[in-house]
Amino acid sequence: MWTLAGQGCWRGRALAAWATRAARRGLPGPRPAPTRGAAAESKAPDRSYSSADRKETIDMSRFPVENTRNFSIIAHVDHGKSTLADRLLELTGAIDKTKNNKQVLDKLQVERERGITVKAQTASLFYDYEGKQYLLNLIDTPGHVDFSYEVSRSLSACQGVLLVVDANEGIQAQTVANFFLAFEAQLSVIPVINKKTWFYFQKSQISAKLGTNVESVLQAVIKRIPPPKVHRKNPLRALVFDSTFDQYRGVIANVALFDGVVSKGDKIVSAHTQKTYEVNEVGVLNPNEQPTHKLYAGQVGYLIAGMKDVTEAQIGDTLYLHKRPVEPLPGFKSAKPMVFAGMYPVDQSEYNNLKSAIEKLTLNDSSVTVHRDSSLALGAGWRLGFLGLLHMEVFNQRLEQEYNASVILTTPTVPYKAVLSSAKLIKEYREKEITIINPAQFPDKSKVTEYLEPIVLGTIITPDEYTGKIIMLCQARRAVQKNMMYIDQNRIMLKYLFPLNEIVVDFYDSLKSLSSGYASFDYEDAGYQTAELVKLDILLNGNIVEELVTVVHKDKAYAAGKAICERLKDSLPRQLFEIAIQAALGSKIIARETVKAYRKNVLAKCYGGDITRKMKLLKRQTEGKKKLRKVGNVEVPKDAFIKVLKTQI
Amino acid sequence: MKLKLKKFSDLRKRKDGRAAAVSAPVPSRWRCGPEPSRRRSDAGRGHAAPFLPPGRPTRPGSAHTGRFALGSSPSRVLARAPGRPTTAGGTAFPGVRARGWVKAAKMAQKRRLAEDAGGPRGPTPGSQRAALYVHWPYCEKRCSYCNFNKYIPRGVDEAAMRRCLVTEAQTLLQLSGVRRVESVFFGGGTPSLASPHTVAAVLEAVAQATHLPADSEVTLEANPTSAPSSRLAAFRAAGVNRLSIGLQSLDDTELQLLGRTHSASDALQMLAEARRHFPGRVSVDLMLGLPAQHVGPWLGQLQKLLHHCDDHVSLYQLSLERGTALFTQVQQGSLPAPDPELAAEMYQEGRAVLREAGFRQYEVSNFARNGALSTHNWTYWQCGQYLGVGPGAHGRFIPQGAGGHTREARIQTLEPDNWMKEVMLFGHGTRKRIPLGELALLEEVLAMGLRTDVGITHQHWQRFEPQLTLWDVFVADKEVQELLEQGLLLLDHRGLRCSWEGLAVLDSMLPTLLSRLQEAWQQRTPSPVPGG
């Protein structure tokens, strides 16, 4: 009896679950018995079914400019921005109301895994209010300090922003930065306070979970954000504010129409390249691509026009109709890479695959700069410029996850400058002031009037009990205090000028750990300053290891030299002779470690049962030997370099 | 079987044959020793005359003495007393044959082993000769350092185990087409826990299936506590003629740390007993590089051991193996990690002490005087064929009996119960067969051969690779040249071998040598068969 009952029960449940799924999918299936509540009550609209329904192109002329709103949500990391976006999407029927809707706009695996938004995403919401149908274009933006660039890019297509602040954490450094971005762009700002899963908005409580009263957010968007100031009658003027790459369809450009109309079959011209394309498809993002007949001035959507090359859809470019040229829109301030690192394929045979992966990824993320580079140990590769460390890490992770590429990433450095004094060098570089992104090309002091290093203005907001420790940390990082003020009863905002190289590797982590995670940090570019920079060489038995050359501030040379020598000592296998690892400034040795010679290295027991294992190990070692880099007579395995060069994020 | 056991007293009374085989302490092989390898002009031929090293007594007819003519033929020849040639075509009577073998073995113990076990010792071609390893998988207790394939049984069905060992030995011998088994090694586990009856049964099966020369080396690994005098006598009666004692240490604290069940005095007592039963043919293992072990006291142990030991000593540096208790303790920090510098010093000092005492270091960890090398182990390092019988045993041979022409690395099923089931079903428990290509075999010749003092002689190399000489492969390479210049490696008219210093760091040299070999192999004149 018991077994049977158990089985019956199991079957029943399985059936119910299946029925639920079938109903959701809209698949034909056995009709669930009316008593099977779970299945019968499934009222969630089927997503794929309805999106198939929506495949029928929408007539966008139904949305005049006055019924259109373009807005962004900006917030500090983790303040609930993406969750609010999910609720707005649910409310407007763009997505199902299911428990699975977590950060729908965070499409990238890395975004969902880390709970951060990296890439700005767009969704067009259709919302009925007071008898009118509104088109609300939501542009979700990244919250991390590294991605201010994406935020500013998105804002240029908007007239207003929702500034989300977590009620528990309050205003953070990033909140301040984002506010100023919106303020400078002269956008309407609607503050939204999020208390964990509860939103407080203009004194009315909103339960984000149930989605009730999130409506008031939408209503505020309609009431408080002005419609875009555009003209349908004018010739087409569309701003490319983002682009993605689809393996099958090529470049998908996200566009905001400032003037005119665009439809399938139109011939368009890129103001930047002057190339002409025929539009294959236009549509809105809902949040998935949904074709429409046309896109009208004031609307935000996508456009596919046979652009195949990754360089054809420049962010900030203006598109206009063939033979109807217009004044291009002011291009965006292009992103300025703050951190550089070498990137190499783990296996050189993977070079071409990695190259195409990087090209595709940089189309999605045009803020990454790419220069070809090569290293004796690591082969051919690139020196990439990133907005910051998180950006670099995310880029690497996306390469691995989306393109299955495995790469070696070297220690990040910052772009130094040198003012040349040697006439010969000036002639060679064709300019007096050069930027050095690869330490191996650092010019000698004798040929240089002065070196410059990039600096940033950092903003730290912290509960006052951590102020002392944070000031110490900043001083250790050669930072100069510019400002310090209470922003409420117990929180302090500190402003410091930092040399960028002092914060690229582990500053943020140190700050977080000494403030128990409470302090927040943001920075902005503050130009260059003169610095006493030195080139630090690492030598193995007297031979310079080119890939380990680093540029450091004079005051940090000893510590850096010692650290590299120690790390190298731990990762260099012992050899048949002693290895001296030295750090040197010019001819002056400032640190030394020694790897002793092997006195005994032979397997003790090697009998019948040990041979297979021994030969396998030898095979691995012999193969590994082929990948060794020889510096003088010292054999350095690639992973030793990786251990030394690898970022320690 | 009982009949045979009655012969104990008889066996004990046998004349000690040591005198016959004594050779002067070997001059250092590392630099200036005489050409140790075969000097015969017919070296390398399939039917080379027996290779007889200097100092070994030659007896008339010895080449055919006590041999069965054919391995798998139903009409095999009985073992006869040594000294009298046998004729083919005799009728086999199992019991008689077994007795015959033990008797012959008894006589053979008068003979000593070849001082240089380097070449083929009989007229049988390499592919028809093999060594035989027999694995006894059970132990009384788990030692803290051991990651071997062993089991602590609740109760062993020894009769079943015996049947299976015998069956598998028969199957594999037939499969290999081997006509002559030159050595048998009972390893484990703790094979001295097995009954002498089991050992005898396996040996008899081998003698029945193929030719097991009366002077074949038959070694048994023994633990000091598991083999009292009476058992030693029984093992000897069963055909064992060499004992390898897992003494490991002469310090009771260390023995405890290692999880051994015996004390230092147990070990010395056992050693004395063993030498009475197997004079000149007892080996002892001593470990070095234990956690918290120091050079001085360890050398003291070695000196003490030298007062008691026979003609063979093995020095093994402890290697911490994952999954052992010792590894865990070191990992957790409850024991200090062994210091590799100290271990290196112990090794160097230990080798020197043994050399002073007249021992020849014929392999990385093995030392012998009076020519008491282990021929069985020598077979491994010379890349001879060997058969592995028992759970988890490894073998390397050409399955000629099944029409094979390529040497295979073969591994038997690991777990004893599963292995037994397979043996009962299929006659053997071979789990894995990996064909060894020509290059793979040459790599083994190189990696194993360099572990020995004679290294790889030109003749030895030529047996495996008639075209490319050692000179061809190694002489022009820059990195090999560096090793030669550093005095770690020697390449001369004798062959390729490690120097005294080089032997201790062989594993650092092998990747260089192997990658050079691979290169030379790829560049050689392409053989008519692609990929051959």
In order over region B:145-152: 3J(HN,Hα) from phi, Karplus 6.51/-1.76/1.60, θ = phi - 60°, whole Hz, x for each Gly or Pro, gives 10, 8, 10, 6, 7, 9, 9, 9
Give the aspartates and glutamates reachable from A:LYS554 as a straight Cα distance under 15 Å; neighbours fewer than 8 places away on the same chain don't count.
A:ASP444, A:GLU450, A:GLU453, A:GLU502, A:GLU532, A:ASP537
Averaged over peptide B:377-385, how many Cβ atoms belonging to another chain are found within 10 Å of each residue's Cβ?
2
Amide H partners (placed H, <5 Å) of B:GLY390, local residues excluded:
B:HIS135
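Are any of the pairs A:LYS417/A:LYS569; A:LYS445/A:LYS630; A:LYS275/A:LYS308 more than 24 Å apart by Cα-Cα distance, and if so, which?
Result: A:LYS417/A:LYS569; A:LYS445/A:LYS630 exceed 24 Å.
Just rank A:ASP317, A:ASP464, fewest to most, by other beta-carbon atoms within 10 angstrom. Write out the running numbers ahead of the final one.
Numbers: A:ASP317 22, A:ASP464 13.
The fewest-first ordering by Cβ neighbours comes to A:ASP464, A:ASP317.
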What list of whole percents do you get for P(r) of region B:458-523, with Cα-Cα distances grouped in 10 Å bins up to the one holding the largest distance?
21, 56, 23, 0
Residues meeting the amide H criterion for A:TYR134 (H placed from the backbone, H to H distance under 5 Å, 5 or more places apart or on another chain) are A:TYR127, A:ASP128, A:TYR129
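When a/c reaches 1.5 or more, the comparison of a/b and b/c decides; with that in mind, is region A:237-321 rounded, prolate or oblate per its Cα gyration tensor?
rounded
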Shape of region A:535-647, Cα gyration tensor, a/c cut at 1.5:
prolate
Too long at a 32 Å Cα-Cα cut-off: which of A:LYS427/A:LYS626; A:LYS596/A:LYS627; A:LYS360/A:LYS556?
A:LYS427/A:LYS626; A:LYS360/A:LYS556
Inverse mean reciprocal Cα-Cα distance (Kirkwood Rh) of region B:257-388, Å
16.2
Vicinal HN-Hα couplings computed from phi for region A:522-537 (Karplus, 6.51 cos²θ - 1.76 cosθ + 1.60; Hz; Gly/Pro x):
8, 9, 9, 4, 10, x, 10, 9, 5, 8, 8, 9, 10, 9, 9, 9
Which whole-number percentage describes the relative contact order of region A:458-578, with Cα contacts under 8 Å and a sequence gap of 6 or more?
22
Inter-centroid distance (Cα atoms) of region B:150-198 relative to region A:245-287, Å:
79
Quick note on B:HIS308, A:HIS391, ordering by fewest other C-beta atoms within 10 Å, gives B:HIS308, A:HIS391
Express in whole angstrom the spacing between the alpha-carbon centres of region A:491-528 and region A:614-632.
43
Please tell me the relative contact order of region B:458-523 in percent, rounded to the nearest whole number, where contacts are Cα pairs under 8 Å and at least six residues apart.
30
Calculate one ³J(HN,Hα) per residue across region A:435-450 by plugging θ = phi - 60° into the Karplus curve 6.51 cos²θ - 1.76 cosθ + 1.60, and present them in order as whole Hz with x for glycine and proline.
9, 10, 9, 10, x, 5, 9, 5, x, 5, 4, 5, 9, 10, 6, 7
Exercise: per-residue mean of other protein chain Cβ atoms within 10 Å, B:499-512
5
Under 5 Å from the placed amide H of A:VAL631, counting only residues 5+ away or on other chains, we find A:VAL636
Run down the aspartates and glutamates and flag those whose C-alpha is under 12 Å from the C-alpha of A:LYS495, throwing out any fewer than 8 positions away in its chain.
A:ASP522, A:GLU524
The exposure ranking of B:ARG369, A:ARG620, B:ARG497, fewest beta-carbon neighbours within 10 Å first, is A:ARG620, B:ARG369, B:ARG497
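Laboratory data are not the source of any read-out in this text; all were calculated from the coordinates shown. None of the values given here were measured: they were computed from a predicted structure. Cβ: placed from backbone, ideal geometry, glycine included. Neighbour counts: every protein chain shown.
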